[in-house]
Amino acid sequence: MPKPLRRVLAALAAALLAAGAVWLLCRWVGYDLQERLGGQPVYEIVNDDYSRIIDLPEEGLVQEIPLQAGQPLYGVRFRFSTHGQLYKSGMVMVDLYAGDGRLIAQTAGNFLNIFDDTFTEFVMETPYIPVQDETIRVHLYNAVPWDGPLGLWASENEVAGMPLYAGTAGENPLGATLAVQRVSDYSGSWPSALARQLALPLTAAAFLTVLLAVLHAPLALLVAAAGLALGCGFIRVTPALVAPDEYTHLAAAYELASVWSGEEPADEAGKLRVRACDAPYFGTKTGEIGIFAYKAQEQARRNEPGGPNELTAVSEADAGQGSGSYWAQAAGIWLARAQGKNFYTMLDYGRMANLLLYLVLAALAVALAPGALRGIFACVALLPMPLQLAGSLSPDAAVLGVVFLFTACCMALRRQRAARWQILLLAALAAAVAPAKAVYLPVILLCLLVPAAHLDPRRDPAAPFALPFVGSLAPGRLVQGGILLLAALLWAASNGPALAYAARDMNMALLAVGCVAAVLLLVLAAALCLRLRNSPKGLRAFRRGAAVFLALAAAGGLYALTHMGGGLAPDQLLLVHPNGDSIWTFSFGYICRNIPATVKLLLRTLPEQGALWLQGLLGTTLGEPIVYRIDVSWLLGVGLLLALLAAALPAQGEKLPLSRRAAWCGAGVLLCVVLAVLAAALNWTPINYQTLFGMQGRYLLPVLPLALLLVRSNRLFTVRRSAACGAAASIALLTLLTQLQGFGLYAAWQPVS
């Protein structure tokens with residue numbers, strides 16, 4: 001047998017074995033959840049009066065219960081009495097009749113014994129849902145004789161609208177009402193059924209991951225194939241509107257889809273106009289979780305009708321919440337609305353479109369990255385957190401893909417001369433990163449790591465341009481300057497109001513003058529540096545002078561910032577919201593005037609929230625952690641970290657991706673992003689808090705590849721050969737396990753009492 005054929009067969013065998021193991025694991029998760037969560041009823045009290053005991057006669061009892069239109073009935077629950085004995089043996093049957101006399105259910109308690117003074121439910125898998133208000137009749141009777149009288153607790157007098165009769169024809173009113181509860185919901189066999197739905201995408205993910213890894217297929221293909229299967233799993237694992245800030249992202253994407261449809265998206269009060277079938281689901285809070293939330297969403301996805309694409313209702317959500325990239329999500333929502341799909345199907349369409357956009361960008365980043373660095377980008381792209389974001393409506397998925405692609409392009413162009421399309425791609429990506437999120441603007445500085453000669457747009461490079469006051473200048477420097485200028489202008493246009501709000505208690509005119517002066521000095525310093533670049537003595541003097549000037553400017557700037565603007569009066573410091581939070585947050589002015597207090601807050605935050613940041617970076621905490629803490633096993637987090645480290649370590653004899661100077665510049669970019677993220681978190685933290693509010697590790701995810709590139713540039717730790725393919729496969733399989741455990745945690749979640 002030829003060696004290539006043997007290799008393919010071995011890969012198929014390994015992939016089938018992995019797929020079979022994951023399928024069995026999904027079956028186990030379903031069985032375990034069914035054992036723990038299956039057959040659980042939810043009760044609603046109908047009559048809670050326990051005044052006397054009525055023995056169950058031979059002909060039985062008939063209890064009438066009013067039921068409202070649309071109110072699901074899964075069964076009833078009664079409180080029995082064995083007259084002081086521990087238990088009695090026998091069997092009670094319960095027949096339920098609709099208002100028109102139809103038999104809608106015939107149930108029996110799943111028991112042979114009834115214990116004293118306990119509730120026993122009689123449930124059915126399929127609920128009865130009346131189309132209009134009606135009164136149902138519940139007939140209780142003995143199917144197997146009991147060893148002595150069996151009693152039921154009841155009220156002393158009849159409750160209005162709920163008479164109790166002895167016999168089957170209602171001829172003997174007893175002037176009482178049984179203590180009864182309505183079974184309003186029932187988990188039944190839904191835990192195992194929902195787990196079976198995950199078997200297909202997760203089994204496919206395991207099969208494709210192992211097959212492509214054993215065959216050493218291109219990592220971009222592994223990211224696209226395994227990422228698609230895992231992303232589809234996250235679409236089902238993450239309950240509706242439970243992903244980070246998803247209810248806000250839904251409103252923004254829905255509004256954009258309405259604009260595309262030619263509809264007016266907002267009413268006079270600024271509320272979002274929606275279809276009538278969507279109105280009940282729009283709100284201002286994170287969605288529900290738990291097995292009953294899963295069940296309700298799946299039933300609505302299957303059975304709930306959709307509606308025409310006409311905005312005839314007004315929701316609770318505010319219009320005008322869109323500040324990010326919602327093109328993909330809006331396209332999916334627009335398509336679902338055009339087809340008349342219901343709400344949950346529409347949500348799936350929007351999530352799928354977001355996932356596809358992310359995978360295109362991530363796979364392209366892996367494909368364009370230098371061969372030795374593709375493992376880093378592949379591993380980061382397949383982490384649970386980016387795939388969870390991509391499998392939701394979050395615009396952060398597109399931001400991640402764009403930043404990954406920009407970083408990969410910069411690293412690729414460090415080693416080769418750029419074609420014109422690559423220069424245009426770099427400029428387009430910079431234009432997309434800058435307005436996406438303000439804190440990621442420093443990433444654009446990575447283009448300065450590309451040699452200027454590699455960014456020359458001319459096909460036949462000749463002598464550099466000669467510019468006034470600067471002298472000769474490589475065209476690549478002009479390209480870099482143009483990219484930075486474009487990004488800065490777009491950033492200022494998109495984030496100017498937010499920046500002004502953050503600096504609301506500072507002297508804006510003085511700040512503007514300082515910023516203009518800083519820009520002019522920077523341009524002057526760059527021009528002077530270019531003029532002196534061929535004079536070692538002059539360049540050395542320039543650097544020393546620049547260092548002294550920066551030290552003096554830093555000291556003077558710090559003094560100006562700490563004395564700029566007015567502080568808060570004592571009575572202002574005491575102003576708080578009803579929940580106890582101060583009405584004031586850490587603005588730039590407050591931070592500058594209270595540097596010791598700010599440092600103390602950050603030092604308290606790190607030990608308290610550092611582990612949660614790491615979980616958020618990797619994705620081992622699911623959903624919206626501010627609302628629900630869904631943390632998977634720390635072993636999965638350790639495995640993800642080890643796989644990332646394996647992909648980041650250089651192979652023996654490999655050329656390092658960054659020189660020492662470039663590594664220091666990359667570390668500076670990384671530090672700027674971290675500081676920007678901390679500043680943004682401070683901006684919404686009340687000043688009476690002792691730790692940061694709302695800081696999440698996923699905010700640092702876009703620069704994780706850069707951090708791993710710095711690790712790869714070390715000269716101390718190496719591996720014998722590249723572990724990129726195995727590390728990427730390990731990340732994908734650990735992400736799969738994260739989904740499985742996360743699904744069980746979501747389903748089993750109970751509110752803290």
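Round to a whole angstrom and tell me the spacing of the C-alpha centers of the stretch 250-313 and the stretch 172-224.
The stretch 250-313 and the stretch 172-224 have Cα centres spaced 24 Å from each other.
Between residue 126 and residue 16, how many nm apart are label points set 7 Å from Cα along the C-beta direction?
If labels sit at residue 126 and residue 16, their model points lie 3.9 nm apart.
Give the separation of the Cα centroids, the stretch 368-423 to the stretch 80-140, in Å.
60 Å
Give the angle, between 0 and 90 degrees and rounded to the nearest 10, that separates the Cα long axis of helix 219-237 from the longest principal axis of the Cα atoms of the chain.
30 degrees
Place the peptides 632-644, 486-498 in order of packing, highest mean first, counting for every residue the other Cβ atoms within 10 Å and averaging per peptide.
Answer by packing, highest mean first, reads 632-644, 486-498.
Sum -39500 (n - 2.57) across every DSSP H segment of at least 4 residues in the chain, then divide by the residue count to get the 222 nm mean residue ellipticity, nearest 500.
The per-residue figure over the chain is -17000 deg cm²/dmol.
So which aspartates and glutamates pass the test for residue 295, namely a Cα distance under 14 Å, with those fewer than 8 places away in the same chain ruled out?
Leaving aside aspartates and glutamates fewer than 8 places away in the same chain, those within reach of residue 295 are 125, 185, 304.
Between residue 316 and residue 119, what length in nm is gained on full extension when 0.36 nm per residue of separation is reduced by their alpha carbon distance? All intermediate terms of the calculation are to be shown ahead of the outcome.
Working: separation 197, 0.36 × 197 = 70.92 nm, distance 3.96 nm.
Contour length minus Cα-Cα distance gives 67.0 nm.
Summing +1 for each Lys or Arg and -1 for each Asp or Glu, what net charge is found among the other residues whose Cβ lies under 10 Å from the Cβ of residue 122?
Spelling it out: positives minus negatives among the neighbours equals -1.
Grab the beta carbon distance between residue 597 and residue 493, set R0 = 35 Å, and tell me the FRET efficiency rounded to 0.05.
Calculated value: 0.55.
Expressed as an acute angle from 0 to 90° and rounded to the nearest 10, what is the orientation of the C-alpha long axis of helix 190-214 relative to the principal long axis of the chain?
That helix lies at roughly 30 degrees to the long axis.
Return the distance in nm (one decimal) between the two label points of a simple spin-label model at residue 721 and residue 160, each offset 7 Å from Cα along Cα→Cβ.
8.4 nm
Measure nothing fancy, just the Cα-based angle from helix 291-303's long axis to the longest principal axis of the chain, in degrees from 0 to 90, nearest 10.
90 degrees
Go through 383-390, 146-153, 725-732 and give me the packing order, highest mean Cβ count within 10 Å leading.
Highest mean packing first, the order is 383-390, 725-732, 146-153.
Just want the answer: with Cβ charges of +1 for Lys and Arg and -1 for Asp and Glu, which residue in 76, 159, 89 is farthest toward the dipole's positive end in the stretch 41-186?
Projecting each Cα onto the dipole axis, the largest value belongs to 89.
Output the peptides 537-547, 27-37 sorted from most to least packed, where packing is the average of other Cβ atoms within 10 Å over each peptide's residues.
So the peptides 537-547, 27-37, ranked by packing, come out 27-37, 537-547.
How high is the relative contact order of the chain, given as a whole-number percent (alpha carbon pairs under 8 Å, six or more residues apart)?
It comes to 13 percent, rounded to a whole number.
Evaluate the charge dipole of the stretch 41-186 about its Cα centre and quote only its size in Debye, nearest 20, assuming +1 on the Cβ of each Lys and Arg and -1 on the Cβ of each Asp and Glu.
Its charge dipole is roughly 200 debye.
Given a Förster distance of 41 angstrom, what is the FRET efficiency for residue 641 paired with residue 554, based on the Cβ-Cβ distance and rounded to 0.05?
0.70
Taking amide H atoms as placed 1.01 Å from N in the peptide plane, list the residues 5 or more away in sequence, or in a different chain, whose amide H sits under 5 Å from that of residue 619.
385
Residue separation times 0.36 nm, minus the C-alpha to C-alpha distance between residue 611 and residue 184: what's the value?
My answer for the length gained is 149.7 nm.
Rounded to the nearest 0.05, what FRET efficiency is calculated for residue 583 and residue 629 with R0 set to 30 Å and r the Cβ-Cβ distance?
Values: r = 28 Å, r/R0 = 0.92.
According to the calculation, E is roughly 0.60.
Quote the charge dipole size of the stretch 285-351 about the Cα centre in Debye, to the nearest 20; the model charges only the Cβ of Lys and Arg (+1) and of Asp and Glu (-1).
Values: 7 positive and 7 negative charges, 45 e Å.
Once rounded to the nearest 20, the dipole reads 220 debye.
Which entries in 271/341; 271/437; 271/600 show an alpha-carbon gap greater than 30 Å?
271/600
Would you calculate the separation in nanometres between label points at residue 58 and residue 424, each defined as 7 Å from the Cα along the Cα-to-beta-carbon direction?
9.4 nm
Placing +1 at every Lys and Arg Cβ and -1 at every Asp and Glu Cβ, with all other atoms neutral, what dipole size does the chain have around its Cα centre, in debye to the nearest 20? Could you put the intermediate results ahead of the total?
Numbers: 52 positive and 47 negative charges, 1382 e Å.
Charge dipole, the chain, about its Cα centre: 6640 debye, nearest 20.
Positive end of the dipole of the chain, charges at C-beta (+1 Lys, Arg; -1 Asp, Glu), about the Cα centre: which of 692, 349, 522 has its Cα farthest in that direction?
522
Taking the beta-carbon count within 10 Å as an exposure proxy, list 516, 627, 669 from fewest neighbours to most.
With the sparsest Cβ surroundings first, the list reads 516, 627, 669.
Rule-based calculations on the coordinates, nothing more; no lab input. Quantities reported herein were computed from a predicted structural model and do not represent experimental measurements. Backbone-built Cβ (ideal geometry, glycine too); neighbour counts: all protein chains shown.
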